[in-house]
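Have a look at the structure below before the remarks.
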Amino acid sequence: MIRSTHVRKLLYVPEFCRINYLQIPLLARSCSIEKKSKPQPSNTRKQQIERIKDKIHYSSYVQENTLRLGYRRNKIFAQQLEKIERNKARERVSVQAFPVALQHVYGESLNETKEEEAVSDSDDPVNYLPYEHLQVKIERSANNDGKMLDQAPTTGEWMSDYEYYEENEDDDRTSLYGTPDPREPVSKVACGGCGALLQCAEPSIPGYLPSQLFKRLSKQQLATTICQRCHFLKTYNTAINVTVSPEDYVDMIARIKDNKALALLMVDLLDFPCSIWPGLSDILGPSRSVIVVGNKVDLLPKDCPGYLDNIRNNLAKSVIDAGFDKNNIKHVALISATSGFGVEQLITKLHNIWGNRGDVYLVGCTNVGKSSLFNALLRSDLCKVQARDLIQRATACPWPGTTLRMLKFPILRPSDYRLYLRTKRLLSEKLQQIQEEKMRKHQARNTGLVQHATLIGHIGCTFPNANETQEPKDRFSVSQRSSGAPPILTLNEKSDIYINSKWCYDTPGVVQPDQITNLLTTDELLQVLPKQMIRPRAYLLKTGMTLFLGGIGRLDYLDGLPATRILLYSTPNLPVTICDTEHADEVYQTLLGTEYFRVPGPDPERLAKWPQLQASTTDILLSGVGKHLSVADILLSSAGWVSINLPVDVEGIFRAWTPERRGIYVRQPALLPHGMVLKGKRIRGTLAYALGDAFVKR
């Protein structure tokens, strides 16, 4: 860390180099000059941050960007900053727009030059300034009717090149974006990505395709096409808003009530009980057989040898507390739909417990991984061999509500002989998997890297299809339609192969009222959702202090021991800020929309719509159970949770805050009660501990 006393001794340091606790990250980023630098906070915001800097005890954003230099290197760094400032000043002078010399060459103004070029018929080459924006010119050609149409300048993909064009509202030519046609009836073909019926009448309704594409495709071609929304999700990771009522989701799931079917209740292990829909047991029916599937287990760290059993018991308790009958829960599985861990064991349980007695429905809230598990089961022994390459994969995306209608695939009938062949394959692969697991554990012990400690599984096929082809392509693009497209393959549900089949359905997700995912934008959602194994961050919280998790969570320590240790389980992308509780409101309003909170984003319009944090209706009273054991978890909705460590019979009072008071729960016992063994040593001069091991090395 740069000591401010050293900087004061350097008389030649410019004014902007005066270093304080909250300015260090800005100075660290200024070491390299970029042509397009990020916009710096306004002078008013800088003054506000300067005013509250003494009220902040710790900021992980500052800690991560702190330059740890000695006196000599600090002096060299100050000289480099001075040189950078001189270079920036020289650049600002050299790039002044339209100096007098250029005005004599190009005319009195650039606008006059452009007007002269527009009316000129000469073929003389035109000179452009190097920083002038040039429009992409689109060649035109005539179609069979003699009408002039624009031609795409690059690949011809229907939506991959749309950013090169600029729509002209005064031009009556065919829209390059594609236009709707309200007169065209809705098709009876479902989108292969979200299940919505394809249509070109209204862009705000699920299943929309531009009419220029929708009308050209036959019914068989539509069966291998995904809608515009799924195309943007898969290609650009961008969601298009559609008008879907939350009541429609519940109505679709309520249809299961009268059917003989098994419910695979999927729960996000990083967000429960917030990812369990309240009243779902009543919607499914009181006698519904349920297999509880806890997803994303690969993102939880290992705090003790039997941590999976602790997670399983905690999950079962939360599901029973949500209203499900204990006798209806046939099994509790822990899986990772992304890495494949536990999926083969889940399929074996499905064969043994349910067999072919009825349909199977994947139910759960948004973003629990239903579509990812659906895609994994589609390529496994649960799906009929003939249907694997006839059904498109579901669109898997972190955006809530990806699946809008029910997708399905036929279930393979598990005869005794097929179960024997499957068991034989699993036994033959078990030895190889044991060797791979030993190698990964050895690498994890030697390196301590998270990727070596992550739970990984393998999903195989006992009955491969001899005619298996590649995955159906995205027929949203014109180039694939016009050039040598593969033969159209569709599944006929009325054929003798599928008429008596049982089906596995991927149902729509419901946004739980306690979740904050629907309050976040796409960029914010990607920052909040963890992508790698969570490594707990440990802090020493003193009485009368407040911890902020980004701008979406807050925890106050009101009363108890003078200081207690806590563990924060959340994505490392969310910074942590600790201040006195009496100054918490002022600190929050000042840092909201800055890099010190990161979420929500800095857009003023976005901040105007952001709901304020609200405290829990009652304060949280906890009593310790052990010296190194976490007594409970305080959930801050979908942002993460805080594990509290208190000595035996010692009480502590806390208060939690989330946007609109969403998803504040106390989970007892803690999900990872031995998490304190994963913390590192105390960082000198701060309230934080260094990151410890990614797992227990025993």
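The values are calculated or read from the model by the stated rules, or taken from the named source; none is laboratory data. Predicted model, so just to flag it, every value in this text is computed and none were measured. Methodologically, a virtual Cβ is constructed for each residue, glycine included, from the backbone with ideal geometry; neighbour enumeration extends over all protein chains shown. Each accessible area value is taken on the protein alone, full model and side chains, heavy atoms only, with ligands, DNA and RNA left out. Shrake-Rupley method; radii C 1.70, N 1.55, O 1.52, S 1.80 Å.
What is the percent carbon and sulfur in the accessible area of the stretch 542-633, measuring with a 1.4 Å probe over the protein chains and ignoring ligands? Kindly include the intermediate steps, with their values, before the conclusion.
Details: 1830 of 3470 Å².
In the stretch 542-633, the share of accessible area belonging to carbon and sulfur is 53 percent.
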Quiz item: Once you list every other residue whose beta carbon is under 13 Å from the beta carbon of A615, what net charge do they have if Lys and Arg are +1 and Asp and Glu are -1?
Solution: 0
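Applying a 10 Å radius around every beta-carbon, put 434-443, 268-277 in order of their mean neighbour count, most first.
Numbers: 434-443: 12.0, 268-277: 24.3.
Top of the packing list down: 268-277, 434-443.
As a test of reading the structure, rank E247, E582 by solvent-accessible area (1.4 Å probe, protein chains only), most first. Show your work: numbers first, answer last.
On the way: E247 110, E582 150 Å².
Sorted descending by solvent-accessible area, the residues read E582, E247.
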Quiz item: In the full protein assembly as shown, how much of M266 is accessible to a 1.4 Å probe, in Å² to the nearest 10?
Solution: 0
Quiz prompt | Solvent exposure, largest accessible area first (probe 1.4 Å, DNA, RNA and ligands not counted), of E493, E605 | solution = E605, E493
Quiz item: Among residues other than T546 whose Cβ falls under 10 Å from its Cβ, what is the net charge (Lys/Arg +1, Asp/Glu -1)?
Solution: -2
Quiz item: What ranking, highest mean first, results for peptides 413-423, 343-353, 533-543 when packing means the other Cβ atoms within 10 Å averaged over each residue?
Solution: 533-543, 343-353, 413-423
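Could you report the stretch 493-562's accessible area per residue, 1.4 Å probe, as an integer in Å²?
Working: 2580 Å² over 70 residues.
Spelled out: the 1.4 Å probe surface of the stretch 493-562, per residue, equals 37 Å².
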Self-check item: 5 angstrom amide H check on C227, placed H, neighbours 5+ away
Solution: G192, G193, C194
